[in-house]
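Comments concern the structure below.
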Amino acid sequence: MTPSPVRTAELWIEVDGDKSALPLEAERYRLGRATSNELSFPTMGGLSREHLAIERENGHWIARDLGSTNGSAVNGERLTEPRVLRSGDRITAGQLTLEFRESSAKAASGPVVFTDEPSAASGEITIAESLAGLIAEESEEGSRHMQALITAGRELATHLPLEKLFNLILDLSVEAAGAERGVLMTLESGELQVRSTKGQGLRISSHVRDLVIRERRSLLVRDAMMDAALAARASIVTSQIRSMMAVPLQTEDRVIGLIYLDSSHFVKEFTKQDLSLLTVMANMAAVRIENARLAEVEQAERLRARELEHAAMIQRSMLPSQFPPFPERTDFELHAAMVPAKEVGGDLFDFFLLDQDRLGFVVGDVSGKGVPAALFMAIARTLLRAAAHHQASPGACLSYMNQSLVEQHASGMFVTLFYGILNLRTGVLEYSNAGHAPPYAFCSDGQRRPLKERCGPMLGIFEGFQYATRSTRIQPGEGVLVYTDGVTEAHNKTGEFYEDSRLEAYLESHAAGPVEELVRGLHAEVERFEAGASRADDITVLAVRRRAA
């Protein structure tokens, strides 16, 4: 009876566009901002201290929300009860995205197969030498080998893109050695990836692979069927390999891949001179590959820097920058500022007069960072502006925005957002909060009250959600402070958070001053607290104060 395949599971965790795999080996993994979690992300926006659990139950992996503030979702559906995970499921928790993958024990695929076989009882590899040993012994080379080196040096000096460079290196190697088949592979994240092949049905013994990669050895076998160490290996027998060579692609400090050549039925019996030639060519090629990679990275970084500069300029032009914004109005004062964690940010703020009496203002925080977050921010701002002049209440505006974002949810992003409408004549503040940090209503004497009533989850996740509208009254002289969680979740070099208590203490001592000083002072206060620690999130603050008529 064929045994059932072993199932392995892993989580692919995406942070700022970088993905990493976590093999699921324990029975339970908790995720959140607290350091006591197995998966701790103390600076990740939108996460609760204990947000989500991934745990094994009755042979299955399940996802369980731990009563988080902003909720969790699997494939865009809100997680209200434990859910069995299937391979390919995407889990969102705050601004974090995870993908659950489950598969049978991994088998090699593609044109090259590594086979894991027990070592032979006796016998040794015919020739296995280091590069230094080969060069020391080889004092003369035939004209064919010398010509091959000259050709390789000339061809490798050209400025080819990497993909064409891989093909060129393998072509030169096969031609120089007179091989029947060959493959060039590079190490990517610890695994060999095929870059170029010649011939079909290549099967490389794992013993050969390990000797070349781990021990940095060049390998020559003149007749594999006569070699006691290799003749019993299935990959040698089934491929009818008679003569083979394998050499590392090696720079000064590391192995970046290998070149493997072979011949069957004595089409060509490789010599030690062939091995010396191939080893030298492989080292030349490895340096050329590394230089090409560095050149491509440098070019990509230059292009990215220019793109980010343009994106930052566009983003700055979209956010209000003139203060005071309505100099002719004496019944309120308003100021706002955003400092992105990177060149461009995912936070947004905006404000506008709906009519003579009503002032609309908004602060939001998009999941993710960089250019994608900035683009999503622009979409959210445009949607709000479109809805604000047609919808009667903040809750209706957020419901419209949410549905629009869900319908174009290909990006997988979402946004937390607070939108308020202050009636400057009556002092009534109507607002709706989509998973955003609660603002503060404050008095000049430092008294403050948080507007804790949330009206629904972040926008762009749950289809058809209807957001509620809340209200409170802002008296003359009172104001509202709205901020993103980049303020309270700013941290110093010891990992200590700024937190709500420091924000409240700051507000208590600075509430009487002009709102411009309040906003600028809070940014400066957070920067002093960070004391040079790397900033993980954008910081945005908006303050509005109603004045006596």
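Which FRET efficiency, nearest 0.05, do Arg254 and Arg425 yield, Cβ-Cβ r, R0 51 Å?
Approximately 0.10, to the nearest 0.05.
Between Ile256 and residues 5 or more places away or on another chain, which pairs have amide H atoms under 5 Å apart, with H built 1.01 Å from N, and which residues are they?
Leu249, Gln250, Thr251
What figure in square angstrom, to the nearest 10, would you give for the accessible area of Val371 with a 1.4 Å probe?
Accessible surface of Val371 is approximately 50 Å².
Let me check something: with ligands and nucleic acids excluded, how do Ser72, Ser36 order by accessible area (1.4 Å probe), largest to smallest?
Ser36, Ser72
Kindly state, to the nearest 0.05, the FRET efficiency for Thr69 paired with Leu294, given R0 = 41 Å and r defined as their beta-carbon distance.
The formula returns an efficiency of 0.40 here.
To the nearest µm²/s, what D does Stokes-Einstein give for region 15-65 at 37 °C and 0.692 mPa s, using the Kirkwood radius over alpha carbon pairs as Rh?
Taking Rh from Cα pairs, D becomes 279 µm²/s.
Where does each of Met284, Met338, Met458 land when they are ordered by accessible area, with a 1.4 Å probe and the largest first?
The residues order as Met284, Met338, Met458, largest area first.
Using a basic spin-label model with each label point 7 Å from the Cα along Cα→Cβ, how many nm lie between Glu309 and His60?
5.4
Just add up the charged neighbours of Leu187: K/R +1, D/E -1, any other residue whose Cβ is under 15 Å from the Cβ of Leu187.
In short, 0.
For Leu79, list long-range residues whose amide hydrogen, built 1.01 Å from N in the peptide plane, is under 5 Å from its own amide hydrogen.
Ser72, Ala73, Val74
Taking the Cα centre of each part, how many Å lie between region 357-419 and region 14-86?
26
Take the Cβ-Cβ distance between Glu504 and Ala524 as r, set R0 to 22 Å, and report the resulting FRET efficiency rounded to the nearest 0.05.
It comes to 0.80.
Which value, in nm² and rounded to one decimal, describes the direction-averaged projected area of the C-alpha convex hull of region 424-549?
Averaged projected hull area, Cα only: 8.6 nm².
Relative contact order for region 391-457: what is it in percent, counting Cα pairs under 8 Å that are at least 6 residues apart?
27
The values are calculated or read from the model by the stated rules, or taken from the named source; none is laboratory data. Bear in mind that the values here come from a model prediction, so they are computed numbers and not experimental data. No Cβ is skipped: glycine too gets one built from the backbone with ideal geometry, and neighbour counts run over all protein chains shown. Just the protein is used for accessible areas: all its heavy atoms, side chains included, with ligands, DNA and RNA removed. Shrake-Rupley method; radii C 1.70, N 1.55, O 1.52, S 1.80 Å.
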